[in-house]
Amino acid sequence: MKLSLIKNIIAAVAVAAASSAAIADEDTPVRLWGASSTVNAYHGFLFLGNPLGFYEKEGVKVEFGTAAGSSATLQLLATNQVQMGYVGMDALILAKANNPDLPIKAAYLQDRGNIYEIVVPTESDIKTVKDLEGQSIGVANLASGAIPKLKAVLTEAGLDPNKAVGLIPVGNGAQAAAALRTGRVQALSLFRAQHALIETLGYEFRYFSKDTPSAVIAVNTDWLADNKDQAAAILRGVAQSSAFAQANPKATVEEFWELFGRSQGAEEEKALKDAMHVLSSTAKLWKDHTDDSIQWGAMDDEAWTGMQDALIDAKLMSERVDNATLYTSELIDMLNPVDLSHALELAASRE
């Protein structure tokens, strides 16, 4: 996270301190935001609760929206303009390292797998991470949230993360694919949904990643203090939406198109197939709705300590912060066990 963005968050908190009181009016929708400049079908775990009635069933009103990345979402959370938001764990850690008093904590682990990874074409001579030494890796931009994870993977392989490879800004989608095709870069380090999207252009990838969780739903803690029941109900809706999306990606894409429209250009059949591929690939990072051994949203100190150590190794922070300032588990027992039967029956009915 850039220092200027951190300063913006701190300044915004100071300006908005008087207006960040808890929202207790049950008729006021809770604002649940995604960290992306555009909405995609793989955000279904956030938005499906409205059209499919999961939030209403849980007795809560939710307004869904997005901001341009984790830093922007954290700024909205810090000032209580948004009460709950999907953000990267590393972005939250870096923000709290610079301002431990930010009224934000993670409350729910959404991406149990790493959304950031390095990919190379399957026909590439690069078979291991060590083989990346001396190569150029395409990143969306030089402020990308993928870079800390990329450096952690390089460090784990015994490479100097600041010298072993070159980082080239290549954007996303077709632009990134072109950089790979023309040899401008030999690998890409974007994020799971983008890699899956590029696969729909005809690429097959070999994946390298550090097996760590990567994204959470965070809450404004001032709001949470008076609204634990609401927050837990919303997270039950998120769990039901996640299960529906995993069980029926086709219906999820159709709901997305109904709400937000679909991009023109591709034939509907191909557009549906491509969107389902991106969604299903991303949903593999979530808790498997058929696995009862893991609680929805659960996380622990080990994950947060490991993430902090990776950021320290990458020289993005100098020392750990107290994990207790980063996340809370107080909602986990309140939302588990969540009843998925309605969501799964609805998913089956849409086959």
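The values are calculated or read from the model by the stated rules, or taken from the named source; none is laboratory data. On a predicted model such as this, the values are computed, not experimentally measured, just so you know. Please note: Cβ atoms are built from the backbone with ideal geometry, for glycine as well, and neighbour counts cover all protein chains shown.
Screening region 65-81 for residues that are of a type outside the set (A, V, I, L, M), within 15 Å of the chain's Cα centre (by Cα) and not in a loop (DSSP other than H, G, I, E, B) and picking the one that is farthest from GLY34 (Cα to Cα) gives SER71. If only residues of region 149-171 that are under 28 Å from GLY202 (Cα atoms), out of contact with any strand residue (DSSP E or B) (no Cβ under 8 Å at 6 or more places or on another chain) and buried (at least 20 other Cβ atoms within 10 Å of the Cβ) are counted, the one that is modelled with the highest pLDDT is LEU154. In region 206-225 there is at least one residue that is surrounded by fewer than 24 Cβ atoms within 10 Å (Cβ to Cβ) and among the aliphatic types (A, V, I, L, M).
Here is a check on your reading of the model: is ALA193 among the small types (Gly, Ala, Ser), farther than 26 Å from ASP309 by Cα, surrounded by 16 or more Cβ atoms within 10 Å (Cβ to Cβ) and not assigned by TED's automatic domain parsing to the domain that holds ASP333? No. Checking region 19-39 against the condition returns a match, with at least one residue being farther than 21 Å from ASP111 by Cβ, assigned to a helix (DSSP H, G or I) and at pLDDT below 95.
Could you check, for region 154-172, whether at least one of its residues is touching a residue at least 40 places away in the same chain (Cβ under 8 Å), of a type in the set (Val, Ile, Thr) and outside the structural domain of GLY34 (by TED's automatic domain parsing)? Yes, the conditions are met somewhere in region 154-172.
Before we move on, is LEU335 in contact with a helix residue (DSSP H, G or I) (Cβ under 7 Å, 6 or more places away or on another chain), surrounded by 14 or more Cβ atoms within 10 Å (Cβ to Cβ), within 21 Å of ALA218 (Cα to Cα) and at pLDDT 95 or above? Spelling it out, LEU335 is indeed in contact with a helix residue (DSSP H, G or I) (Cβ under 7 Å, 6 or more places away or on another chain), surrounded by 14 or more Cβ atoms within 10 Å (Cβ to Cβ), within 21 Å of ALA218 (Cα to Cα) and at pLDDT 95 or above. SER241 falls short on exactly one of the conditions (1) under 18 Å from the mean Cα position of the chain (by Cα); (2) among the small types (Gly, Ala, Ser); (3) surrounded by fewer than 23 Cβ atoms within 10 Å (Cβ to Cβ); (4) within 25 Å of GLU63 (Cβ to Cβ), and that condition is (3).
Residue-wise test of (1) touching a residue at least 40 places away in the same chain (Cβ under 8 Å); (2) aromatic (Phe, Trp, Tyr); (3) farther than 28 Å from GLU319 by Cα; (4) surrounded by fewer than 24 Cβ atoms within 10 Å (Cβ to Cβ).
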| position | (1), (2), (3), (4) |
| --- | --- |
| PHE64 | no, yes, yes, yes |
| ALA67 | no, no, yes, yes |
| MET84 | yes, no, no, no |
| LEU92 | yes, no, no, no |
| ASN98 | yes, no, no, yes |
| ASN114 | yes, no, no, yes |
| VAL119 | yes, no, yes, no |
| VAL129 | yes, no, no, yes |
| GLY134 | no, no, yes, yes |
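Is it the case that some residue within region 250-257 is surrounded by 24 or more Cβ atoms within 10 Å (Cβ to Cβ) and either in contact with a strand residue (DSSP E or B) (Cβ under 7 Å, 6 or more places away or on another chain) or not in a strand (DSSP E or B) (or both)? Within region 250-257, one or more residues are surrounded by 24 or more Cβ atoms within 10 Å (Cβ to Cβ) and either in contact with a strand residue (DSSP E or B) (Cβ under 7 Å, 6 or more places away or on another chain) or not in a strand (DSSP E or B) (or both).
For region 96-143, which residues satisfy the criterion of being of a type in the set (A, V, I, L, M), modelled with pLDDT of 95 or more and assigned to a loop (DSSP other than H, G, I, E, B)? LEU102, ILE126, listed by residue number.
Annotation note: of THR305, THR282, the sole residue that is more than 21 Å from SER242 (Cα to Cα), surrounded by 12 or more Cβ atoms within 10 Å (Cβ to Cβ) and β-branched (Val, Ile, Thr) is THR305.
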